[in-house]
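The values are calculated or read from the model by the stated rules, or taken from the named source; none is laboratory data. Values in this document were obtained by computation on a predicted structure and should not be read as measured data. A quick note on method: Cβ atoms are made from the backbone with ideal geometry, for glycine too, and the neighbour counts reach across all protein chains shown. When the accessible area is computed, the model is the full protein with side chains, heavy atoms only, and any ligands, DNA or RNA have been set aside. Shrake-Rupley method; radii C 1.70, N 1.55, O 1.52, S 1.80 Å.
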Amino acid sequence: MSVLLATTACGSAGADAASVDPRRVGPASGDITWYAINFGPEGFPEQLIAAFEKAHPEINVDFQPAPNNTDTMRATLTTEITGGSDAIDVYNGDLVWPAQFGDAQLAMPLDEHLPDDFWDRYPEERSRLTEYGDTHLAAPLYVDSGFLYYRKDLLEKHDLPVPDTWQELAETAKLLQDEGEVDYGYVGQWANYEGLTVNWTELSAAAGGRSVSEDDSEAAIDSPENREALDFMRQLLDSGVVPSASTSFQEQQSLQTFVEGEAAFHRNWSHGWGMANDPLASQIVDRVGVMPLPGFEGGEEVGPSAAGGWNLMVNPHSKRIGASLVFMDWMTGPEAQRMMAQNSVLPANEEVLHDEELQRENPVLEVAADLDIVARPAHTPRYPQISHGIYTNINGSLAGSGSTASALRAAAADIQRALEDRAL
């Protein structure tokens, strides 16, 4: 049952609902605009809206598609909300936005409007990633993590085990290349953009490193652990296990290479499973396995996966905050979250994520439920500048413009400057 339905002239009340004061947030009814990137299969946001409006006929939702680029979407929202616009009521926000948006007052603090037990629907670490200044600025809508996809048919053909470590992966990939099974051993997202920060965060953490100190005060990227991680990435390129074109690969290019049968191993988000098994898009249907990312030799056997996904956030200038909160509650509740799980979108709701019936239908869901998650250093409003310092220098080193040591020194200097600058 909803925890948000308010007793208003236009709304209704749930038996165990927490009251939303219409004098403070407006009635839980009317028209609201939801600004979000498309996610799930074609037309899926509209399916969610139809189900929501059936449950809440007093609220109409206008879906406004956002650009499928995090930075472009962030710039649009910053301009709109900073200017005082109320054209958008509720919007999807990237996992790394709460500190930036909280510092710039671009998102409405939620705790005063939601009951404390609202956050019980999430794993604690996911809820914590929505906080800035001990206040929740967002509600997790759907989650994502890094997964390793692999050609299970080729491993079986050559009687090879699934690799436990990155080093074993490199050896196995090279063997499959030498046997003429694939052109490339491994493909990920190593282009000069946010995706490389994600890939780097996973490899760095697997090697025991981090890019920013635990208290977010100092750059920590120039370390022996990170030199090991970057040296390993360069060795993958030098050996030909990773194609040289990977330094320009984002999610789509790397996934396309894998589903066309050109690579043995591939790192991507959860949507990779659906595309790899889509007969209209893939040449390797039913020949793919999925597992957590590996660790490094001498470390944990299972490597960490970067936290990803999107939240719901409310425009503080909205005239329909009450209705927006009802929408937020329903979208993060069991009905909507089950719809997501059934459409290859990883639910943020912990109960749905661990539903054994849903896990049997979707092996990615089963893997996701027990991943070791690592967060990007996004607890500071300066995260965009920090990430830029990471991916530009790591990409430059991978592309051959500088040594491991010089790249990490430059990245550390860029990160430190970012930590001392409050610009959004």
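With every protein chain left in place, what is the accessible area of L175 in Å² (1.4 Å probe, nearest 10)?
Approximately 70 Å² of L175 is accessible to the 1.4 Å probe.
Under the 0.36 nm per residue contour assumption, what length would be gained going from the current alpha-carbon distance of R287 and R128 to full extension?
Taking 0.36 nm per residue and subtracting the Cα distance, the gain is 53.5 nm.
Quick check for you: with a 1.4 Å probe and neighbouring chains kept, what is the accessible area per residue of region 124-263, in Å²?
Ligands and nucleic acids excluded, the figure is 39 Å² per residue.
How big is the dipole moment of region 345-411 about its Cα centre under a simple scheme where the beta carbon of each Lys and Arg is +1, that of each Asp and Glu is -1, and everything else is neutral? Debye, nearest 20, please.
So the dipole magnitude of region 345-411 works out to roughly 940 debye.
Hey, if we sort Y193, Y149 by accessible area with the 1.4 Å probe, largest down, what's the order?
Y193, Y149
Starting from the eigenvalues of the Cα gyration tensor, five times each then square-rooted, give me the equivalent ellipsoid semi-axes of the chain, largest first, whole Å.
Working through the eigenvalues yields semi-axes of 39, 25, 17 Å.
How many times 2.2 N^0.38 Å is the alpha carbon radius of gyration of region 21-142?
Relative to the rule-of-thumb radius for its length, region 21-142 sits at 1.08.
Cross-link candidates for K157: which lysines have Cα within less than 28 Å, leaving aside residues fewer than 8 places away along the same chain?
K174
Using the Karplus curve 6.51 cos²θ - 1.76 cosθ + 1.60 with θ = phi - 60°, what ³J(HN,Hα) values do you get for each residue of region 240-248, in whole Hz, with x for Gly and Pro?
Values, residue by residue: x, 4, 9, x, 4, 5, 4, 6, 10 Hz.
Once you place label points 7 Å from the Cα toward the Cβ at E262 and E301, how far apart are they in nm?
It works out to 3.5 nm between the two label points.
Work through the residues other than E366 whose Cβ is under 14 Å from its Cβ and net out their charges, Lys, Arg +1 and Asp, Glu -1.
Here the count lands on -4.
Using a cut-off of 18 Å between alpha-carbon atoms, which aspartates and glutamates can reach K152, once sequence neighbours fewer than 8 places away in the same chain are excluded?
D164, E168, E171, D178, E179, E181, D183, E260, E262, D278, D286, E366
For L160 paired with Q64, estimate the spin-label separation in nm (one decimal), with each label point 7 Å from Cα along the Cα-to-Cβ line.
5.0
By how many degrees, between 0 and 90 and to the nearest 10, does the Cα long axis of helix 224-238 differ from the longest principal axis of the chain?
Once rounded, the angle reads 70 degrees.
Starting with the highest mean, order 116-127, 406-417 by the number of other Cβ atoms within 10 Å, averaged over the residues of each peptide.
Top to bottom by mean Cβ count within 10 Å: 406-417, 116-127.
Please list 363-376, 56-69 highest first by mean number of surrounding beta-carbon atoms within 10 Å per residue.
Top to bottom by mean Cβ count within 10 Å: 363-376, 56-69.
Shape of region 295-369 from its Cα gyration tensor (a ≥ b ≥ c, root eigenvalues): rounded if a/c is under 1.5, otherwise prolate when a/b > b/c, or oblate?
In terms of gyration-tensor shape, oblate.
Just subtract the alpha-carbon distance of T78 and A245 from 0.36 nm times their residue separation and send over the number in nm, one decimal.
My answer for the length gained is 56.8 nm.
At a temperature of 10 °C and a viscosity of 1.306 mPa s, determine how fast region 59-211 diffuses translationally according to Stokes-Einstein, using the Kirkwood radius over alpha-carbon pairs as Rh; express D in µm²/s, rounded to the nearest whole number.
82
Please report the carbon-and-sulfur percent of the accessible area for the chain; probe 1.4 Å, protein heavy atoms only, DNA, RNA and ligands left out.
45
So, in nm, how far is label A405 from label A51 when the simple model puts each one 7 Å beyond its Cα toward the Cβ?
Label at A405, label at A51, 5.6 nm between them.
Can you give me the long-range amide H partners of G308? Hydrogens built in the peptide plane at 1.01 Å from N, cutoff under 5 Å, separation of 5 or more residues or another chain.
Residues meeting the amide H criterion: D144, S145.
Where the only charges are on Cβ atoms (+1 Lys, Arg; -1 Asp, Glu), what is the dipole of region 133-276 about its Cα centre, to the nearest 20 debye?
Taking the Cα centre of region 133-276 as origin, the dipole is about 320 debye.
Taking K and R as +1 and D and E as -1, what net charge do the other residues with C-beta under 15 Å from the C-beta of L160 add up to?
Once all neighbours under 15 Å are counted, the net charge is -4.
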